[in-house]
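Asks: Questions regarding the structure given below will be posed in turn.
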Amino acid sequence: MDKIVALSKRRGFIYPGSELYGGLANTYDYGPVGAELLRNIRNLWWDTFVHKRDDIVGIDASLISHQEIWKASGHTAGFADAMIDCKNCKFRIRADHLIENAIGKNVEGLSPAEMSSIIKENNIVCPNCSENKGDKWTQVRKFNLLFPVQMGIVEGDQGLAYLRGETAQGMFVNFKNVTDSTRVRLPFGIAQLGKSFRNEITPGNSVFRTLEFEQGEIEYFFDPKKTDWEKLFEEWKKAMWEFVTETLGVKKENLRWREHTDEERSFYSKRTEDLEYKFPFGFKELWGLAYRTDYDLSQHQKHSGKELTIVDPHTNEKILPHVIEPAVGINRLFLMVLADAYVEEEKRTVLKLDPKIAPYKIAVFPLLANKEELVKRARGVYEDLRQNYMVAWDDRGNIGKRYLYQDEIGTPYCVTIDFDTLEKDDSVTVRNRDTAQQERVKIADLKDYFKMKLV
Ligand SMILES: [Zn+2]
């Protein structure tokens, strides 16, 4: 992991946030190649799940959102409770539940400090791991996981809004708007790609867990009487698996499915499974898939007082749809592809990124930077290839150093214009990143060559 973090900084994938001023914990900035990689992942996700499907539409909701949304979703109520964390396994539980379950005592109205001492005095063990025998708890704390935003000049509750804690609520609160303004019919999905914010106290590994993160979420609505949810669930598992293995080119052996236990699953969910990736720090959640019944829409119906049912055009029956939610962290996909592509060989470090997501597809070099004819010919090839691909230009240092640099940012092909190009046959050297093999290709054939190689 340290090596991936070092490479990320060295080559401009990820920098620590606010570094010039000493850094700001759990924030990161994406550098020039990182921004390209992130954008490629995002675009592929949107292309796969929105553009290439006729049953899913996309929205882009506001980051600043009404406090009532988060009351209805349970985020402010749940997150403002007194919580305690196991220092050993990071398990977080409401302190009152922990005490009640362990010793049957009702602690309603007690302060966090009072609850802390009860837990200590009774040596309450962690229900999630055997290591914490009551001696590895944090203090009981009240905290709100959502970032409050004070709007306007009115102090107090009226001007209070929140930065969204998940993109999902944007789909639920716009459910009526979407069904009223489009031609969608059940079953259909609403997708969103964008940032969410959580004031987490548990630090993450690099961009694995951060205060500000990007989500790709889909709420897939269906009528439970007409659609078999178990079949739909399996279809989504397949779609998620294919996106990670085929579209992003990640190795299958580093992935696994894990079903949530009854304790960790939300009470309204009938089934939740996580697609996990084997990060350098262990198997961790990448992409969650949950059948959430009609819980979210019914909560918003209750809190807003507005009806969110839709009418079945055949039977005229009112339906409150159920929902299956595939939710992925885009930054986790980013960290996964870096980890999965990172290879150390005897004389070089290579990022064997799938060409579809590589920041640059091709790099073009003139053999020497001070020979005008070489530079001019190379510049022509560069300008030509740029019409179709993201192409890097490099005329600094020697060829060996340029190769090492491009290997570390995952550029699949390097094209060198040398004296043979000018004097012999108008062909160039094309070097393959993964094999380091070189071959001569005529300039006139380059476009067709890359059309074949970069699908
Ligand atoms: Zn524990």
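The values are calculated or read from the model by the stated rules, or taken from the named source; none is laboratory data. Computed from a predicted model, the values in this text were never measured in an experiment. Positions of Cβ are generated from backbone atoms using ideal geometry, with glycine treated the same way; all protein chains shown enter the neighbour counts.
Asks: Taking the conditions exactly as written (within 16 Å of the ligand (Cβ to nearest atom), farther than 30 Å from ASP55 by Cβ and of a type in the set (D, E, K, R)), does GLU100 satisfy them or not?
Replies: Spelling it out, it is not the case that GLU100 is within 16 Å of the ligand (Cβ to nearest atom), farther than 30 Å from ASP55 by Cβ and of a type in the set (D, E, K, R).
Asks: How many of the residues making up segment 303-322 are part of a helix (DSSP H, G or I) and over 31 Å from the mean Cα position of the chain (by Cα)?
Replies: 0
Asks: Considering only segment 232-242, I want to know if a residue exists there that is assigned by TED's automatic domain parsing to the domain that holds ASP294 and assigned to a strand (DSSP E or B).
Replies: No.
Asks: Scan segment 121-135 for residues that are under 13 Å from ARG92 (Cβ atoms) and either surrounded by fewer than 13 Cβ atoms within 10 Å (Cβ to Cβ) or in contact with a Cys (Cβ under 7 Å, 6 or more places away or on another chain) (or both) and jot them down.
Replies: Correct list: CYS126, ASN128, CYS129, ASN132.
Asks: Go through (1) touching a Pro at 6+ places or on another chain (Cβ under 7 Å); (2) of a type outside the set (Lys, Arg); (3) buried (at least 17 other Cβ atoms within 10 Å of the Cβ) one by one and return the number of the condition GLU219 breaks.
Replies: (1)
Asks: Look at ALA339 and say whether it is within 30 Å of PHE243 (Cβ to Cβ) and either aliphatic (A, V, I, L, M) or in contact with a helix residue (DSSP H, G or I) (Cβ under 6 Å, 6 or more places away or on another chain) (or both).
Replies: yes
Asks: Also, I was wondering about something else. Just to be sure before I move on: is ASP180 away from the ligand (no atom under 16 Å from the Cβ) and free of Cβ contacts under 8 Å to residues at least 60 places away in the same chain in the structure I sent?
Replies: yes
Asks: Residues of segment 107-136 being in contact (Cβ under 8 Å) with a residue 24 or more places away in the chain and away from the ligand (no atom under 14 Å from the Cβ), which ones?
Replies: PRO112, ALA113, MET115, SER116
Asks: Looking at this structure, is ASN144 under 28 Å from GLY194 (Cα atoms), among the polar types (S, T, N, Q) and more than 15 Å from the ligand (Cβ to nearest atom)?
Replies: Yes: the conditions hold for ASN144.
Asks: Let me ask you something else. Can you name every residue in segment 248-291 that is under 23 Å from ASP2 (Cα atoms) and among the hydroxyl-bearing types (Ser, Thr, Tyr)?
Replies: TYR277
Asks: Sticking with this one: If I filter segment 322-338 for residues that are in contact with a Pro (Cβ under 6 Å, 6 or more places away or on another chain) and surrounded by fewer than 21 Cβ atoms within 10 Å (Cβ to Cβ), do I get at least one hit?
Replies: no
Asks: Residues LYS136, LYS52: which one is in the same structural domain as TYR220 (by TED's automatic domain parsing) and either out of contact with any helix residue (DSSP H, G or I) (no Cβ under 8 Å at 6 or more places or on another chain) or modelled with pLDDT of 90 or more (or both)?
Replies: Just a single option satisfies the conditions, and that option is LYS52.
Residues checked against (1) acidic (Asp, Glu); (2) in the same structural domain as ARG10 (by TED's automatic domain parsing); (3) on the phi > 0 side of the Ramachandran plot:
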| site | (1), (2), (3) |
| --- | --- |
| LEU374 | no, no, no |
| VAL381 | no, no, no |
| ASP384 | yes, no, no |
| MET390 | no, no, no |
| ARG402 | no, no, no |
| GLY410 | no, no, yes |
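Asks: Six or more apart or on different chains, Cβ under 6 Å: which pairs go from a residue in segment 33-53 that's closer than 23 Å to GLY189 by Cβ to one that's in a helix (DSSP H, G or I) and of a type in the set (Ser, Thr, Tyr)? Could you list them?
Replies: That search, which allows pairs on different chains as well, returns LEU44/THR247.
Asks: Do we find a residue being closer than 21 Å to CYS126 by Cα, among the charged types (D, E, K, R) and buried (at least 19 other Cβ atoms within 10 Å of the Cβ) anywhere in segment 65-87?
Replies: yes
Asks: Taking the residues in segment 58-92 that are β-branched (Val, Ile, Thr) and touching a strand residue (DSSP E or B) at 6+ places or on another chain (Cβ under 6 Å) as candidates, determine which candidate is farthest from the ligand (Cβ to nearest atom).
Replies: Checked segment 58-92; the qualifying residue farthest from the ligand (Cβ to nearest atom) is ILE59.
Asks: Right, next: Can you tell me which residues in segment 202-216 are crowded, with 18+ Cβ neighbours inside 10 Å and outside any loop (DSSP other than H, G, I, E, B)?
Replies: SER206, VAL207, PHE208, PHE213, GLU214, GLN215, GLY216, listed by residue number.
Asks: Before we move on, is ASN199 surrounded by 13 or more Cβ atoms within 10 Å (Cβ to Cβ), in the same structural domain as TRP70 (by TED's automatic domain parsing) and part of a loop (DSSP other than H, G, I, E, B)?
Replies: For ASN199, the condition - surrounded by 13 or more Cβ atoms within 10 Å (Cβ to Cβ), in the same structural domain as TRP70 (by TED's automatic domain parsing) and part of a loop (DSSP other than H, G, I, E, B) - is met.
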